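Here is the structure we will look at, set down as structure tokens.
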Amino acid sequence: MLPEYFEFFVPARIAAGRGMSGSLGPEMEKLGVRRAFVVTDQVLMQLGLVQKVLDGLAGSAVEVAGIFDEVRPNSEVGLVEKGPGDLPELARVAGADVLVAIGGGSNIDTAKGMNIILSEGGHLLDYEGFGVITRPLKPLVAIPTTAGTGSEVTQFAVIKHEAIHTKLSFSSPYLAPNLAILDPELTVNLPPKLTASTGMDALTHAVETYVSTSWNPIADGLALEAIRIIGANLVEATTNGGNLEARYQMLVASTMAGMAFSSGMVGCVHAMAHAAGGLFDVPHGIANSILLPYGMEYNLEARPEKFREIARALGNDVEDQDPKAGGWTAIEAVFDLAERCGLPRALSEAGVPEEGLPTMAEAAMVDGAIFTNPRPAEYDEILAVLKKAY
Ligand SMILES: [Fe+2]
């Protein structure tokens, strides 16, 4: 039965293709913008990837107004607000009429946060939560160099508040980028562990949104196909990084999963992963990868048929299995996928101290992601899941 009401958010224009970033100029001209302020990081600068992307502006009417290249692995409130040279002010002075984020989720989310202040003024923390931003911001172009975050098409930014060790969520349709450029050539240099962990983040988006209380049929279609593509390509992209076709498949799948969860939302796995990142700096993809099978096990009784469909999408024959048994096949397949990618399988291997689990459970209970989890979760239950994953 379809939901009585649902909303599906249709985000950015997506331009995808091998070498697509070479057409950045003409693609940006379609937005009517002229002066780009680039938000990226040192690693991508040194790899020459930023230059490769910006070469795509040659011969177009769009010029680079400035570059901020000091984003760190976790986007942070302090960096967005009072970064070196005062980040939004830097873009304002440069006369930027568009932001271009090049990189992984941190870079894109930092650019989203910066866009809030650049367009609206004030302090970033004033805009935390759902629907606080009420009018269009400056245009934002997102060019992902990882296949996982989905931030290039979502209406969310997750930014860490260092002082309280918490990951804050900012949510508004106006936060979504206006243009996403998907170019697999930008992801071929990603090391195996990052390829695997970001890919598991994308899988977690797809799985969690498919079973969430906020599910809808449009998001379901995107999520299920993303699960199928990730199941078929993640190990290859991880172990044979030069395979451009596998890279392209993963990039498209992560964007599809992003489109899905931008409306369908996520669940307890993301709530726990945000806590792990906020409290103990566990990389988002690693935390999700470890916690996903345990979150699925907790939620199995709420959505057995859907979990069996996930098993099928991951390439398993579940014809003779009842929904619950099929769901277990999905859980084992996810565990197996992470193992074949060489990722850590326990929180204890990811730098989480055992005495930190109760604090993690408390943080997960107040994270927005927990509210769309398909099975209601209390503190004791979340703590039990964390202990299992330890
Ligand atoms: Fe995520």
The range 247-266, residues that are touching a Pro at 6+ places or on another chain (Cβ under 9 Å) and either among the charged types (D, E, K, R) or closer than 17 Å to residue 183 by Cβ (or both) = 247, 248, 249, 250, 251, 252, 254, 255, 258
key: Count - residues of the range 167-201 that are more than 17 Å from residue 155 (Cβ to Cβ) and in a helix (DSSP H, G or I)   = 13
task = Please go through the range 276-300 and pick out each residue that is within 13 Å of the ligand (Cβ to nearest atom) and under 18 Å from residue 160 (Cα atoms).
result = 276, 277, 282, 283, 284, 285, 286, 287, 288
task = Looking only at the range 345-356, decide whether some residue is buried (at least 18 other Cβ atoms within 10 Å of the Cβ) and part of a loop (DSSP other than H, G, I, E, B).
result = yes
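Rundown of residues vs (1) closer than 28 Å to residue 129 by Cβ; (2) within 24 Å of the chain's Cα centre (by Cα); (3) at pLDDT 95 or above, yes/no style:
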{"site": "284", "(1), (2), (3)": "yes, yes, no"}
{"site": "305", "(1), (2), (3)": "no, no, yes"}
{"site": "310", "(1), (2), (3)": "no, yes, yes"}
{"site": "321", "(1), (2), (3)": "no, no, yes"}
{"site": "332", "(1), (2), (3)": "no, yes, yes"}
{"site": "339", "(1), (2), (3)": "no, yes, yes"}
{"site": "344", "(1), (2), (3)": "no, yes, yes"}
query = Which members of the range 293-344 meet the condition of being more than 20 Å from residue 229 (Cβ to Cβ) and either part of a loop (DSSP other than H, G, I, E, B) or among the hydrophobic types (A, V, I, L, M, F, W, C) (or both)?
reply = 300, 302, 303, 319, 320, 321, 322, 325, 328, 342, 344
query = Listed residues 272, 200; which is in contact with a Leu (Cβ under 6 Å, 6 or more places away or on another chain) and within 15 Å of the ligand (Cβ to nearest atom)?
reply = 272
key: Selection count where residues are of a type in the set (A, V, I, L, M), outside any strand (DSSP E or B) and either under 30 Å from residue 235 (Cα atoms) or within 15 Å of the ligand (Cβ to nearest atom) (or both), scope the range 138-165   = 2
request  = Could you give me the residue pairs with C-beta distances under 9 Å whose first residue belongs to the range 55-79 and is outside the structural domain of residue 22 (by TED's automatic domain parsing), whose second residue is surrounded by 16 or more Cβ atoms within 10 Å (Cβ to Cβ) wherever it lies, and which are 6+ apart or on separate chains?
outcome  = none
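The values are calculated or read from the model by the stated rules, or taken from the named source; none is laboratory data. Predicted model, so just to flag it, every value in this text is computed and none were measured. Positions of Cβ are backbone-derived with ideal geometry, glycine not excepted, and every protein chain shown enters the neighbour counts.
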